[in-house]
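Heads up: the structure comes next, in structure tokens.
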Amino acid sequence: MANNVGIISFGPYHNIKLDKMFDTFSVNIAAQSVMTHIFTNKWVKDRKGKRCLVIDYSSVVALKSMPGVALYSGEKSFNAVLSESLGKQYANAYKADPVNMPNVEFMQVYPNSVKSALNPGLLAFTVTSEEHAKAVVD
């Protein structure tokens, strides 16, 4: 499973409208949390002892905050910490009971700008989703 969606609000934090802020929470935080819950719940029931992989896309701004994108930086930091925490949780659960638990691994990815339906790719360093997926898999 790959969690790879994100939207960004540019500009001063105090200028971000609350409805836009909640929209970004829904996409950048809730979507990852809900999709990960759905898949891990299914895997715990159906994939006992089998290997599973979650690829969580964060962002380079989770590692190095940038002025003008504070909200996005915080949201993407949340993605990274949630993924890291769940990775440890499921690794410990599998280690304790490899017969009844799936071997769920979490990979965190920190891309720059990836062109998508939500990102027209206007930044000079933008790559296509196909280029980025190939780099992650290879």
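The values are calculated or read from the model by the stated rules, or taken from the named source; none is laboratory data. Remember, it's a predicted structure, so these values are computed and weren't measured experimentally. Don't worry about glycine lacking a Cβ; one is built from the backbone with ideal geometry, like all the others, and counts go over all protein chains shown. Surface areas here come from the heavy atoms of the whole protein model, side chains and all, with no ligands, DNA or RNA. Shrake-Rupley method; radii C 1.70, N 1.55, O 1.52, S 1.80 Å.
Under the condition of being assigned to a loop (DSSP other than H, G, I, E, B) and at negative phi, which residue from the range 38-58 is surrounded by the fewest Cβ atoms within 10 Å (Cβ to Cβ)? Going through the qualifying residues, I end up with 50.
Please verify whether the range 63-79 includes one or more residues that are part of a helix (DSSP H, G or I), over 26 Å from residue 9 (Cα atoms) and at pLDDT 90 or above.
Start the filter on the range 63-79 by keeping residues that are part of a helix (DSSP H, G or I), which leaves 70-79.
Right, trim to over 26 Å from residue 9 (Cα atoms) and you get none.
No: zero hits.
Got a sec? Which of 66, 35 is open to solvent by 70 Å² or more (accessible area, probe 1.4 Å) and under 16 Å from residue 106 (Cα atoms)? Criteria check complete, one pass: 35. With respect to the conditions (1) among the charged types (D, E, K, R); (2) more than 16 Å from the chain's Cα centre (by Cα); (3) surrounded by 16 or more Cβ atoms within 10 Å (Cβ to Cβ), residue 134 lacks only one, and its number is (3).
Do you know which of the residues in the range 69-108 that are buried (at least 18 other Cβ atoms within 10 Å of the Cβ) and of a type in the set (Ser, Thr, Tyr) is nearest to residue 50 (Cα to Cα)? So the residue we want is 94.
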